[in-house]
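The values are calculated or read from the model by the stated rules, or taken from the named source; none is laboratory data. In this text, all values refer to a predicted model and were calculated from it rather than measured experimentally. Cβ: placed from backbone, ideal geometry, glycine included. Neighbour counts: every protein chain shown.
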Amino acid sequence: MRDLADIIKRYHVVIASINRVDYAPIVPAEGRGPIIRDITGREYIDLSASAAVMTLGYAHPRIIEAAGEALRRITHSTHMYGYVPETLELAEELARITPVDRPKVSFGLSGNDANEGALLLAKAYTGKEVFIAYENSFHGVGAAAASVSGIGLEREVVAKIGPWARTVFVPYPNCYRSPYPNNPGKCVKHYLEPLKEALDEVGDEAAALVLEPIQGDGGIIVPPDDYFPAVFKLVRDRGAIVIDDEVQTCVGRTGRWYAIEHHGLRPDVVAVGKGLGGGLPISAIIGREGIMESLPPLAYTFTLAGNPVTAAAALAVIREVEEKGLVKRAAELGERALQYLRGVQRRHNLVGDVRGRGLMIGVELVKDKETKKRAVEETKKVVWRAHELGLIVLFVAGNVLRIQPPLNIDWSTLEEGLARLEQAIEDVEEGRVGDEALKHVQGW
């Protein structure tokens, strides 16, 4: 049997730190549904879905069958020069379900390159150089995507390599940390003001606003319902387009095919990735025809983009989600999970806020509910204790636990995972988790 400690040690010797951070010492051997078994035989409930990728959980038979059949039949034929049926069918499905007028589709390998391409297209289409984006946002690690990412890590990267474009950042509407936590109307007005100021500052030079309909790595922040409708009007009145980053929220995770649909809005360009391939690397840009045709042929493509195996897997994901009613189920199961976690919030002083839509939920941990001081060390200890209890849970923004299980998880397994999470929170509150845990959990 391979040794867990040895694998982790070898990882740190040869794998570059630019690829990863440590959360818990799990070396996976196999997975089924929402369960991972490590090489020691220990099982974990995975409430992260491997960073919101495993839409249908691990080893879903429909994905295995679809991808396996394509793999045996052709493996790859580049759609840059030929006509791949699976790629065509996937593009047609994405055009059907995506809220974009007269859509065309471009394929890639990751959410990063989907956002990267969307930004290039925005520049080409508008002929403008300035972008409006949000503080603490994360859109990827490429030169363009990093330039419009407001999260601290990417600001450090841009400071070293230089910006791809001028970006004006505005605060994302986080009502929990606003002066109006219990007044959505005032919260909306509070956060629209800096956006108006930014638009006034750049005048008619703005190419696009880049948004996450729910801010993911910035803290699973859900905007007030009236915020984005007002934003779309402000931006479009200035002649700029709207790029909707749905990499983390696509394929039904929030109880709609796309999270922007909660607001009844139709963006100009949508970027998708993560859960689209159900574990295989694929992404897509879906945008208005005029925007998607604003660069010449082959101006933004990849030899392996639209690969028939990954396209077949993505088709299987979309069809399974649709046929099994998993979009509606995500909304219902998510509401049930929110109610459970709000009970945890009432019972534990460490839990400052619980928020989310569908099966994208954030649990913000604080040292004090009045001051809302971020409980960063305590969050790391909760993640470590959860691991000891057989639960995989990640955190973002330093102190927000990230709950994003597969859409088809059964309630009994989800409830058991949430119960283990509450036990971890209680153990940290009661001082049962020592500072040794801080040496193991890095996060970001």
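Tabulated values for the structure
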{"read-out": "Helices (runs of 4 or more DSSP H) within the stretch 320-429 that include 3 or more residues closer than 22 Å to residue 214 by Cα", "value": "326-347"}
{"read-out": "Test for residue 398: is it in contact with a strand residue (DSSP E or B) (Cβ under 8 Å, 6 or more places away or on another chain), modelled with pLDDT of 95 or more and small (Gly, Ala, Ser)", "value": "yes"}
{"read-out": "Qualifying residue in the stretch 402-410 (condition: more than 20 Å from the chain's Cα centre (by Cα), of a type outside the set (Lys, Arg) and over 16 Å from residue 48 (Cα atoms))", "value": "no"}
{"read-out": "Residue in the stretch 192-225 that is surrounded by the most Cβ atoms within 10 Å (Cβ to Cβ), counting only those that are in a helix (DSSP H, G or I) and touching an Asp or Glu at 6+ places or on another chain (Cβ under 9 Å)", "value": "199"}
{"read-out": "Yes/no for residue 55 being surrounded by 15 or more Cβ atoms within 10 Å (Cβ to Cβ) and either among the acidic types (Asp, Glu) or in the same structural domain as residue 301 (by TED's automatic domain parsing) (or both)", "value": "no"}
{"read-out": "Test: residue in the stretch 212-233 that is more than 24 Å from the chain's Cα centre (by Cα) and farther than 24 Å from residue 400 by Cβ", "value": "yes"}
{"read-out": "Only one of 120, 153 that is at pLDDT 95 or above, among the aliphatic types (A, V, I, L, M), surrounded by fewer than 24 Cβ atoms within 10 Å (Cβ to Cβ) and in the same structural domain as residue 273 (by TED's automatic domain parsing)", "value": "120"}
{"read-out": "The stretch 137-173: number of residues that are in contact with a helix residue (DSSP H, G or I) (Cβ under 8 Å, 6 or more places away or on another chain) and within 23 Å of residue 364 (Cα to Cα)", "value": "8"}
{"read-out": "Residue in the stretch 352-364 that is of a type in the set (A, V, I, L, M, F, W, C), without any contact (Cβ under 8 Å) to a residue 12 or more places away in the chain and outside the structural domain of residue 137 (by TED's automatic domain parsing) present", "value": "no"}
{"read-out": "Complete set of residues in the stretch 371-390 that are hydroxyl-bearing (Ser, Thr, Tyr) and surrounded by fewer than 24 Cβ atoms within 10 Å (Cβ to Cβ)", "value": "371"}
{"read-out": "Qualifying helices (runs of 4 or more DSSP H) (wholly inside the stretch 1-111; at least 2 residues being among the small types (Gly, Ala, Ser))", "value": "49-52, 61-73, 85-97"}
{"read-out": "Given (1) under 19 Å from residue 98 (Cβ atoms); (2) buried (at least 23 other Cβ atoms within 10 Å of the Cβ); (3) not assigned by TED's automatic domain parsing to the domain that holds residue 83, number of the condition residue 331 does not satisfy", "value": "(2)"}
{"read-out": "Pair list, Cβ < 7 Å and 6+ apart or interchain, from the stretch 110-129 residues that are under 13 Å from residue 146 (Cα atoms) and touching a residue at least 40 places away in the same chain (Cβ under 8 Å) to residues that are of a type outside the set (A, V, I, L, M) and assigned to a helix (DSSP H, G or I)", "value": "111/274"}
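Residues checked against (1) crowded, with 19+ Cβ neighbours inside 10 Å; (2) within 21 Å of residue 373 (Cα to Cα); (3) of a type in the set (D, E, K, R):
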residue	(1), (2), (3)
392	yes, no, no
396	yes, yes, no
402	yes, yes, yes
407	yes, no, no
412	no, no, no
415	no, no, yes
423	no, no, no
432	no, no, yes
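Results for (1) under 20 Å from the mean Cα position of the chain (by Cα); (2) hydrophobic (A, V, I, L, M, F, W, C), shown as yes or no for each residue.
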site: 273; (1), (2): yes, no
site: 285; (1), (2): yes, yes
site: 294; (1), (2): no, no
site: 306; (1), (2): no, no
site: 310; (1), (2): yes, no
site: 320; (1), (2): no, no
site: 326; (1), (2): yes, yes
